[in-house]
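Shown next, in structure tokens, is the structure this report addresses.
We did not get these values from a lab; they are worked out from the coordinates using the rules stated. Nothing here was measured: the structure is a model prediction, and the numbers come from that model. Don't worry about glycine lacking a Cβ; one is built from the backbone with ideal geometry, like all the others, and counts go over all protein chains shown.
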Amino acid sequence: MNNKNRQLGLIFSRRDVLALFRAAGTAILVVGCIPRKSSSTQAKSSVAVPRSSAANSATLPACVLSPEQTEGPYFVDEKLNRSDIRSDPVDGSVKDGVPLYLTLQVSQIGSTGCTPLAGAIVDVWHCDALGVYSDVTDQSFSTVGQKFLRGYQVSNANGTVQFTTIYPGWYQGRTVHIHFKVRTDGTSGQPYEFTSQLYFDDSITDQVHTQTLYASKGQRTQKNADDGIFQGDGDQMLLKLTKNGQGYAATFDIGLRIT
């Protein structure tokens, strides 16, 4: 993704018609890589809401409204129901990288508090250690037919999903990030969809990216403060990482006001 792409002004917007399961997509043609932030994203803010007294506080996530961010051009609805997304089910190969154990706790915010959101489809997708996404065609690579680092889980009674993956690499024009999407039924009976991104502390990323595989791509060109999408409430989507063996673990609370 370079300045020329951005000057072309080709924007990939979110789909107008939402569905819990879209028709299976096999590949997308990527022309521009940095969509502008939607007006709906700009209108959202982080709001603290009291927890429901009727619920078990030990299992409730933090009741904070999460900011929505752009989907970007790399989402492919692979319908891969799995927790470990490191492998490619096509050939069994496994992506190398620093292990990352990600737990997402999804809650629904209401007028009287928040409760865990069970039965939601939560997709996660991101690039590999060299900045490459699977099952897409880009100006610098084509991975059509491959399905690494993609998958979804259905949230349990506590609103929880868990993924085993790797620490992402970087690519031109973006800071290091992970995409996620939550799909469920809306209050009106229509499908509801929420999309955003997760980010990492720059100091930890700098440390991880000194490892040989990551370093082979060269030094990254953008950090959080330089990323236009991160500047739109990205500081609210920072993962708090803890060491876990040879890798890291993080738990992140997602608060949704479902319409």
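Data for the structure
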{"item": "Among 127-133, 185-191, the order from most to least packed when residues are scored by Cβ within 10 Å on average", "result": "127-133, 185-191"}
{"item": "Principal axis box of the range 94-228, alpha-carbon based, largest edge first, Å", "result": "49, 34, 27"}
{"item": "Computed FRET value (nearest 0.05) for THR103 with PHE141, which takes r as the C-beta separation and R₀ as 30 Å", "result": "0.50"}
{"item": "Potential extension, LYS223-ASP185 segment - 0.36 nm per residue separation minus Cα distance", "result": "10.1 nm"}
{"item": "Convex hull volume of the range 153-259 per residue (C-alpha atoms, cubic angstrom)", "result": "125 Å³"}
{"item": "q = 0.17, 0.28 Å⁻¹, the range 84-145: log10 I(q)/I(0) [Debye, one scatterer per Cα]", "result": "-0.76, -1.32"}
{"item": "Distance between modelled label sites at SER203 and VAL154, nm, 7 Å Cα→Cβ extension", "result": "4.2 nm"}
{"item": "At q = 0.13, 0.23 Å⁻¹, base-10 log of I(q)/I(0) for the range 135-181 (Debye sum, equal scatterers on each alpha carbon)", "result": "-0.44, -1.07"}
{"item": "Charge sum, other residues only, whose C-beta stays under 9 Å from PHE163's C-beta, Lys/Arg counted +1 and Asp/Glu -1", "result": "0"}
{"item": "Extension gain, THR212 back to VAL94 (0.36 nm per residue minus Cα-Cα distance, nm)", "result": "40.8 nm"}
{"item": "Mean separation of Cα contacts under 8 Å, 6 or more apart, over the residue count of the range 140-216: relative contact order %", "result": "20 percent"}
{"item": "Relative contact order (%) - criterion: Cα under 8 Å, at least six apart; region: the range 68-176", "result": "38 percent"}
